[in-house]
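Heads up, the thing below is written out as structure tokens.
The values are calculated or read from the model by the stated rules, or taken from the named source; none is laboratory data. Bear in mind the structure is a predicted one, so any value in this text is a computation, not a measurement. For neighbour counting, all protein chains shown are included, and Cβ atoms are generated from backbone atoms with ideal geometry for every residue, glycine included.
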Amino acid sequence: MKKQHNYSATIEWTGNLGRGTLNYRAFERSHSVSVEGKPYMLCSSDPAFRGDNTKYNPEELLLASLSSCHMLWYLHLCAENGIVVTDYVDKAKGTMLESVDGSGRFETVNLYPKVTVLEKSMIKKAEILHKKANEMCFIANSVNFEVFHHPKISIEE
């Protein structure tokens, strides 16, 4: 039997400047994201869509979700396979295409994990496990675009 996991989040628009959505320029795109028992995040739209560049936007959060899901699966798989990871940093990048009508979609996401392992003998397996992590990642399995991986593995000095 498949296991079911349920999640909830509250998104609250905080950008009403007193006139609601009277017109396109009459409101801010500011909003908060909260999950019960956790700190809330201040968010907005991308500045290209009249958003606040000091706040997270949905596109950045999607990118962060893909990257962190991949990392968590990767670390899990490394632990199971005797690969000792001592550091992991990913500078993920995504490309979104905007359509003429204003809609859009992500075309690709590229993950660039820099992984440090304990021993040289672990490098080859550490590289291979990125493919398996992608296959297992809940978020990557939920999107309709390809997620590419460009890992760099080094040895702890």
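Considering (1) under 10 Å from the mean Cα position of the chain (by Cα); (2) exposed (fewer than 13 other Cβ atoms within 10 Å of the Cβ), say which one residue 69 fails and leave the rest.
Of (1) under 10 Å from the mean Cα position of the chain (by Cα); (2) exposed (fewer than 13 other Cβ atoms within 10 Å of the Cβ), only one is false for residue 69: (2).
Going through the stretch 26-64 one residue at a time, which ones are surrounded by fewer than 17 Cβ atoms within 10 Å (Cβ to Cβ) and of a type in the set (Gly, Ala, Ser)?
If the condition is that a residue be surrounded by fewer than 17 Cβ atoms within 10 Å (Cβ to Cβ) and of a type in the set (Gly, Ala, Ser), then 26, 32, 34, 37, 48, 64 are the ones that fit.
Looking at the stretch 1-48 only, could you name the residues that are of a type in the set (Phe, Trp, Tyr) and more than 22 Å from residue 138 (Cα to Cα)?
If the condition is that a residue be of a type in the set (Phe, Trp, Tyr) and more than 22 Å from residue 138 (Cα to Cα), then 13, 24, 27, 40 are the ones that fit.
Please indicate, with yes or no, whether at least one residue in the stretch 91-104 is in contact with a helix residue (DSSP H, G or I) (Cβ under 6 Å, 6 or more places away or on another chain) and more than 30 Å from residue 31 (Cβ to Cβ).
No, the stretch 91-104 has no match at all.
Output the qualifying pairs, or none if there are none: Cβ atoms under 9 angstrom, residues six or more apart or on different chains, first residue in the stretch 75-97 and farther than 14 Å from residue 117 by Cα and of a type in the set (Lys, Arg), second residue at pLDDT 95 or above and outside any strand (DSSP E or B).
The qualifying pairs are 91/67; 91/112; 93/63; 93/112.
Just to check your reading of the model, which residue among 80, 135, 107, 127 is of a type outside the set (A, V, I, L, M), under 30 Å from residue 15 (Cβ atoms) and at pLDDT 95 or above?
Only one candidate passes the filter, namely 107.
Considering the stretch 2-18 alone, what residues qualify as being of a type outside the set (S, T, N, Q) and surrounded by 10 or more Cβ atoms within 10 Å (Cβ to Cβ)?
Residues satisfying the conditions are 9, 11, 12, 13, 15, 17.
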